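Before any comments, here is the structure.
The values are calculated or read from the model by the stated rules, or taken from the named source; none is laboratory data. Keep in mind that this is a model prediction, so the values were computed, not measured. Note: ideal-geometry Cβ built from the backbone for every residue, glycine included; neighbour counts use all protein chains shown.
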Amino acid sequence: MKTYISQLYPFVAHILNVVKENVRIYLMPSICAYCKKFLSTQDIFCSACKDKIFRVVSKQIDITPSVSVTVFAISDYKDPLKRLILGKSWSNSLASHYMGQLMWDTLPLKELDCDVVVPIPLHWTRYAYRGFNQAEEIARVISKKKNVPMCSALKRIKKTEYQSVLKSTLRGQNLKEAFALNAAQAERCEKKHILLIDDLMTTGSTIRAAVKTLLPLKPKKITVAVVCRVV
Ligand SMILES: [Zn+2]
């Protein structure tokens, strides 16, 4: 019964969210998500706020002595993008779509020879509460633009505390065995170049835990793209 609810509830929540979001987009005038200025076209930020986005360079993270991954991020964890990410406390798939578009426009993803896009998952209870997973919505945008499949190869098996509220010494511990391979989909990622997507990277503990979980699939390569990275 619990498994049935865990499968059905996120699906229903997602459908309701898509309907609500489409009604909202249709009825509401477009305003800048940061300064609230009215916009003439459907967008999230005005051009002045777009100019405030503080760009960061890519970062290499060592996972094991022989495996390391490159993390691409659009910006530091600062406004105006920080406000978009924090907006995940309430449903806002338009913001996720914009973050996906911004990732596509600013990161070197067009040239990346990845075979599959994998989002960092949420625990199903958190998914049910929010109605959507920001990382998954962003991954969906990138998957369409790259014309490669999105694969939910990972699942959260432990409801972890939010990384941002934990002391850095507890972050690795919090994520110990937080992920497992999603048996139904993981095979599709075997020996592939995986592009792993998340909204925010703080210390890198989540990325490390997720990449370690993917390693038994013997991926050709793993590259990571996030919206913001704490620098
Ligand atoms: Zn603005």
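The C-beta contact set for the stretch 44-67 (first residue closer than 14 Å to Ala225 by Cα, second residue of a type in the set (S, T, N, Q), distance under 7 angstrom, 6+ apart or interchain) comprises Arg55/Ser75; Val56/Ser75; Ser58/Thr70; Gln60/Ser68; Gln60/Thr70; Ile61/Ser68. Residues of the stretch 49-85 that are in a helix (DSSP H, G or I) and within 16 Å of the ligand (Cβ to nearest atom): Cys49, Lys50, Asp51, Leu81, Lys82, Arg83, Leu84. Look through the stretch 180-206, keep the residues that are part of a helix (DSSP H, G or I) and among the polar types (S, T, N, Q), and return whichever of them is surrounded by the fewest Cβ atoms within 10 Å (Cβ to Cβ). Checking each candidate, the answer is Gln185. A single entry from Lys78, Lys88 fulfils the requirement of being among the basic types (Lys, Arg), modelled with pLDDT of 90 or more and under 22 Å from Val230 (Cα atoms): Lys78. All of (1) more than 16 Å from the ligand (Cβ to nearest atom); (2) surrounded by 16 or more Cβ atoms within 10 Å (Cβ to Cβ) hold for Cys46 with one exception: (1). None of Ile5, Ile25 is within 30 Å of Ser205 (Cα to Cα), modelled with pLDDT under 70, more than 13 Å from the ligand (Cβ to nearest atom) and among the hydrophobic types (A, V, I, L, M, F, W, C) except Ile5. For the stretch 168-179, check the following and say yes or no: at least one residue is at positive phi and at pLDDT below 85. Yes, because at least one residue in the stretch 168-179 is at positive phi and at pLDDT below 85. Is at least one residue of the stretch 31-43 part of a strand (DSSP E or B), within 9 Å of the ligand (Cβ to nearest atom) and either in contact with a helix residue (DSSP H, G or I) (Cβ under 9 Å, 6 or more places away or on another chain) or more than 30 Å from Pro219 (Cβ to Cβ) (or both)? Yes, there is a match, as at least one residue in the stretch 31-43 is part of a strand (DSSP E or B), within 9 Å of the ligand (Cβ to nearest atom) and either in contact with a helix residue (DSSP H, G or I) (Cβ under 9 Å, 6 or more places away or on another chain) or more than 30 Å from Pro219 (Cβ to Cβ) (or both).
When the stretch 68-86 is filtered for residues that are within 18 Å of the chain's Cα centre (by Cα) and free of Cβ contacts under 8 Å to residues at least 24 places away in the same chain, only Leu86 remains. Could you tell me whether any residue of the stretch 56-70 is touching a Gly at 6+ places or on another chain (Cβ under 6 Å) and not polar (S, T, N, Q)? For the stretch 56-70, residues touching a Gly at 6+ places or on another chain (Cβ under 6 Å) and not polar (S, T, N, Q): present.
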